[in-house]
1. Would you please name the residue that is farthest from the chain's Cα centre (by Cα), looking only at residues in region 60-103 that are within 26 Å of ALA11 (Cα to Cα) and among the small types (Gly, Ala, Ser)?
2. Being assigned to a helix (DSSP H, G or I), modelled with pLDDT under 95 and of a type in the set (Gly, Ala, Ser) narrows it down to one of ALA60, ALA87, ALA38, so name that one.
3. Could you please find all residues in region 55-82 being in contact (Cβ under 8 Å) with a residue 24 or more places away in the chain, surrounded by fewer than 16 Cβ atoms within 10 Å (Cβ to Cβ) and more than 16 Å from SER30 (Cα to Cα)?
4. Could you tell me which residue of region 9-30 is surrounded by the fewest Cβ atoms within 10 Å (Cβ to Cβ), considering only residues that are at pLDDT 95 or above and of a type in the set (S, T, N, Q)?
5. If you go through region 72-84 one residue at a time, how many are over 12 Å from LEU21 (Cα atoms) and either out of contact with any helix residue (DSSP H, G or I) (no Cβ under 7 Å at 6 or more places or on another chain) or assigned to a helix (DSSP H, G or I) (or both)?
Amino acid sequence: MSDAFMHATTAERAALIEARLTAALAPIASIRITDDSAQHAGHAGAAAGGHFSVTIVAAAFAGKPRVARHRMVYDALADAMQRGIHALAITAYTPEEFALLSR
């Protein structure tokens, strides 16, 4: 991702995040990206970039603790974290974990 990320629309930012995560963690069973920036308007870090929530379901998370899963997501988005994502809330599941939640 380039500096263009900072000037992208909300939909474009979400698409860029999704593309990067899909490439790094394929196969992805499910992914949902929410722009939470409006909830942080006026807060000190709001001007530094967007606030996003990501819920992602990927087999790549199997056998990994939460911290390792988050690190995998952060690694996939490393340049965006420097150029336009101020905060990222991550919920990461394996397909099996997600299936149990759906019951």
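1. ALA60
2. On the way: ALA60 fails: modelled with pLDDT under 95; ALA87 fails: assigned to a helix (DSSP H, G or I).
The match here is ALA38.
3. ARG66, ASP75, ASP79
4. Among those residues, the one meeting the criterion is SER30.
5. The total comes to 4.
The values are calculated or read from the model by the stated rules, or taken from the named source; none is laboratory data. Bear in mind that the values here come from a model prediction, so they are computed numbers and not experimental data. Don't worry about glycine lacking a Cβ; one is built from the backbone with ideal geometry, like all the others, and counts go over all protein chains shown.
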